[in-house]
Amino acid sequence: MTVTDGPGERFGLTWPGRAECLRVIGEPPTGALEPMPAESVDWDTTGNVIVEGDNLEVLKLLSRAYHGAVKLITIDPPYNTGREFLYPDDFADPMAAYLRFSGQVDDLGRRANAAVETAGRRHSRWLSMMYPRLVLARELLRPDGAIFVTIDDTEVAHLRLIMDEIWGEENFVATVAWQKVFAKKNRALISGSHDHVLVYARDVEAWDRRLLPRGAAQEKAFGNPDADPRGPWQSVSFSVRSEGVERAGTYRYPVTLPSGREVWPPAGRHWNGDRVRYEELRADGRIWFGRDGDHPPRVKGFRSEVQAGIVPDTWWRHDETGHNQEAKREVVALFGADEPFTTPKPTRLVRRMLQIGTGPGDLVLDFFAGSGTLGHAVFAENLASGEERRFLLVQLPEPTPGTAYSSIADVTRERVRRAGAALRPEAEPDADLGFRAYRLVAGGGTDLTGLMLAAGHPLTAPVEEVDLAGVAGWSVADGALLACFAPLTEAVVEAMLAREPAVLAVTEEGFGGDDALRLHTLHAVRERNRRGVDLALQVV
């Protein structure tokens with residue numbers, strides 16, 4: 001860490017490789033996203049997406065279409081505990097590194113074994129992996145959005161420093177302690193029982209934090225023993241601490257109970273109001289003296305007058321947000337005893353994040369998707385709340401030897417698929433329990449998905465095949481984008497123009513070297529622009 005006051009220097013965290021990871025942020029993506037309809041569920045109607053691929057490249061591909069569109073990011077990145085580090089970053093050629101890693105090209109190469117590296121090198125590699133991904137992810141968040149990052153002690157200090165730098169120290173909200181285990185480890189010097197959840201807002205002044213729903217325990221605190229027509233209430237003492245100085249005069253006076261007994265505030269305390277205020281509360285039926293009328297005064301607070309929910313705190317108990325064993329049981333319930341993923345998070349933990357950070361229609365992103373807990377949690381929370389959130393998951397195809405699945409990305413899709421099927425009997429007929437699947441491949445620019453993203457359309461935009469004077473075309477988002485990859489003729493061009501798209505996309509090869517056809521197309525587009533028609537021509 002650098003702490004100097006020389007010219008051009010400032011407080012911050014530095015590490016070997018930092019300059020390279022800063023450089024790679026601005027480099028354009030070189031891959032493409034290939035649709036996988038056969039791996040999808042309800043392709044035509046779903047608003048959810050699962051992408052298989054290196055999240056660095058995928059985040060770049062999503063940057064235009066999803067800029068400012070995500071309400072909440074929840075990630076559970078690698079904890080860097082000393083096991084093999086799997087993210088295939090090669091800043092000289094990141095796409096080539098990913099293709100070698102995923103087996104899409106020959107020469108798989110050898111990954112370094114982090115277990116034999118020095119701790120400093122492991123920290124540096126972890127920071128170089130996280131930093132550009134966090135920078136790119138921040139740009140996808142809405143102004144009223146937030147990010148929740150689950151992490152353990154290994155990297156929490158470093159993560160806090162780079163989050164302060166990227167997101168702004170002023171946008172730090174809290175460090176939550178999540179009770180991941182509750183059985184003590186007798187051999188530990190101090191038995192660790194929690195992980196950390198760092199919470200940052202995109203803009204803390206604009207963050208739309210929601211209250212947690214009241215649970216059974218909170219509802220049980222309300223009662224109505226005196227049959228008050230205003231409904232259930234709970235009470236607090238009418239006396240408050242005097243903060244080391246006993247307040248005399250108007251705040252200390254005798255109160256006569258219904259039983260006839262006279263009471264004063266206890267030592268070191270005073271009434272929370274003068275006598276006039278006390279009489280007003282009593283006249284309004286807001287003072288409670290107990291069922292027998294012989295207890296010191298308490299002030300009633302009616303459920304109808306308090307906030308609809310509970311302000312979140314920073315201690316998330318296992319009985320409220322789940323724990324590691326519960327997470328494993330959830331996976332076993334879906335897959336059987338041969339669980340294909342050994343470090344999941346419980347859905348109740350992620351649902352707590354959804355309850356705090358999202359509402360109806362919001363989009364949630366997890367670019368370290370793992371077993372797909374976020375997708376499962378979104379389905380479950382939507383079912384419980386009646387709200388419709390959507391998710392976007394990204395997962396590297398890490399190998400999963402010894403399981404029935406070739407990669408963790410396969411597990412991600414299968415877990416979400418099975419979770420949706422398990423919840424289907426309880427859901428409304430039109431509930432969205434599906435997802436569109438994509439995978440990262442070599443390419444870029446000439447595919448329909450790439451054109452969609454470049455034009456600002458999300459991966460779930462409706463796509464319709466249309467006839468263009470006898471050749472196939474593709475209408476995206478109800479005609480906002482019209483693409484044709486077939487050889488062009490004047491008739492095809494006129495058929496495209498007749499549909500009045502906002503963007504008309506064709507290929508260079510489509511002109512077949514016909515300069516006259518190219519000029520005809522350019523002239524037709526310019527003529528429509530001259531008449532006030534908003535039309536752009538994109539040749540790829």
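The values are calculated or read from the model by the stated rules, or taken from the named source; none is laboratory data. What you are looking at is a predicted structure, and each value in this text was computed from that prediction instead of being measured. With ideal geometry, Cβ positions are generated from the backbone for all residues, glycine too; neighbour counts draw on all protein chains shown.
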Assuming Pro258 fulfils every condition listed in (1) outside any strand (DSSP E or B); (2) surrounded by 15 or more Cβ atoms within 10 Å (Cβ to Cβ); (3) touching a Gly at 6+ places or on another chain (Cβ under 7 Å) apart from one, which condition is it? (2)
Got a sec? Which of Gly473, Gly434, Gly456 is farther than 16 Å from Asn48 by Cα and within 25 Å of the chain's Cα centre (by Cα)? Gly456
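Considering only region 265-285, I want to know if a residue exists there that is of a type in the set (A, V, I, L, M, F, W, C), in a loop (DSSP other than H, G, I, E, B) and more than 19 Å from Pro229 (Cα to Cα).
Start the filter on region 265-285 by keeping residues that are of a type in the set (A, V, I, L, M, F, W, C), which leaves 267, 271, 276, 281, 283.
In the following step, the residues that additionally are in a loop (DSSP other than H, G, I, E, B) were identified as 267.
Then keep just the ones that are more than 19 Å from Pro229 (Cα to Cα); that gives 267.
Yes, the conditions are met somewhere in region 265-285.
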When region 294-313 is examined, which residues are found to be under 25 Å from the mean Cα position of the chain (by Cα) and surrounded by 13 or more Cβ atoms within 10 Å (Cβ to Cβ)? Gly309, Ile310, Pro312
Going by the structure shown, is Ser63 among the hydroxyl-bearing types (Ser, Thr, Tyr), under 24 Å from the mean Cα position of the chain (by Cα) and closer than 14 Å to Ala137 by Cβ? yes
Out of Arg202, Arg209, sole residue that is buried (at least 19 other Cβ atoms within 10 Å of the Cβ) and touching a Pro at 6+ places or on another chain (Cβ under 8 Å): Arg202
Cβ pairs under 9 Å, 6+ apart or interchain, first in region 467-495 and closer than 19 Å to Leu519 by Cα and assigned to a helix (DSSP H, G or I), second at pLDDT below 95 and hydroxyl-bearing (Ser, Thr, Tyr), ordered by first then second residue, are Glu490/Thr521; Val493/Thr521
Give the residue, chosen from Asp153, Asp195, Asp228, Asp208, that is outside any helix (DSSP H, G or I) and either β-branched (Val, Ile, Thr) or at pLDDT 95 or above (or both). Asp195
Region 314-331, residues that are without any contact (Cβ under 8 Å) to a residue 40 or more places away in the chain and either outside any helix (DSSP H, G or I) or touching a Phe, Trp or Tyr at 6+ places or on another chain (Cβ under 8 Å) (or both): Gly322
Flagged in region 476-488 as buried (at least 18 other Cβ atoms within 10 Å of the Cβ) and either under 33 Å from the mean Cα position of the chain (by Cα) or within 17 Å of Thr46 (Cβ to Cβ) (or both), in numbering order, are Val476, Ala477, Leu481, Leu482, Ala483
Is it the case that region 66-75 has a residue that's part of a strand (DSSP E or B) and at pLDDT below 95? no
When you look at Arg518, is it farther than 27 Å from Ala65 by Cβ and not in a strand (DSSP E or B), yes or no? yes
Pull out all pairs, ordered by first then second residue, where Cβ-Cβ is under 8 Å, the residues are six or more apart or on different chains, the first lies in region 410-434 and is farther than 19 Å from Glu330 by Cα and acidic (Asp, Glu), and the second is at pLDDT 95 or above and part of a helix (DSSP H, G or I). Asp432/Asn382
If you go through Val149, Val156, Val176, Val263, the only one that is among the aliphatic types (A, V, I, L, M) and in contact with a Ser or Thr (Cβ under 6 Å, 6 or more places away or on another chain) is Val176
Residues of region 384-397 that turn out to be closer than 23 Å to Asn55 by Cα and either in a helix (DSSP H, G or I) or over 13 Å from the mean Cα position of the chain (by Cα) (or both), as a count: 3
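Yes/no matrix, rows are residues, columns are (1) crowded, with 19+ Cβ neighbours inside 10 Å; (2) at pLDDT 95 or above:
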| position | (1), (2) |
| --- | --- |
| Arg418 | no, yes |
| Phe435 | yes, yes |
| Arg439 | yes, yes |
| Ala442 | no, no |
| Glu464 | no, no |
| Ala495 | yes, no |
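Of the residues in region 496-524, how many are aliphatic (A, V, I, L, M) and touching a residue at least 24 places away in the same chain (Cβ under 8 Å)?
Kept after step one, since they are aliphatic (A, V, I, L, M), are these residues of region 496-524: 496-498, 502-506, 516-517, 519, 522, 524.
If we keep only those that are touching a residue at least 24 places away in the same chain (Cβ under 8 Å) too, we end up with 496-497, 502-506, 517, 524.
Within region 496-524, residues that are aliphatic (A, V, I, L, M) and touching a residue at least 24 places away in the same chain (Cβ under 8 Å) number 9.
Tell me the residue from Glu381, Glu339 that is of a type in the set (Asp, Glu) and assigned to a helix (DSSP H, G or I), please. Working first, answer last.
Numbers: Glu339 fails: assigned to a helix (DSSP H, G or I).
Matching residue, one of Glu381, Glu339: Glu381.
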Picked from region 353-374 (must be under 12 Å from Ser385 (Cα atoms) and either in contact (Cβ under 8 Å) with a residue 40 or more places away in the chain or of a type in the set (D, E, K, R) (or both)), the residue surrounded by the fewest Cβ atoms within 10 Å (Cβ to Cβ) is Gly359
All but one of (1) among the aliphatic types (A, V, I, L, M); (2) touching a residue at least 40 places away in the same chain (Cβ under 8 Å); (3) buried (at least 18 other Cβ atoms within 10 Å of the Cβ); (4) not in a strand (DSSP E or B) hold for Leu159, so report the exception by its number. (2)
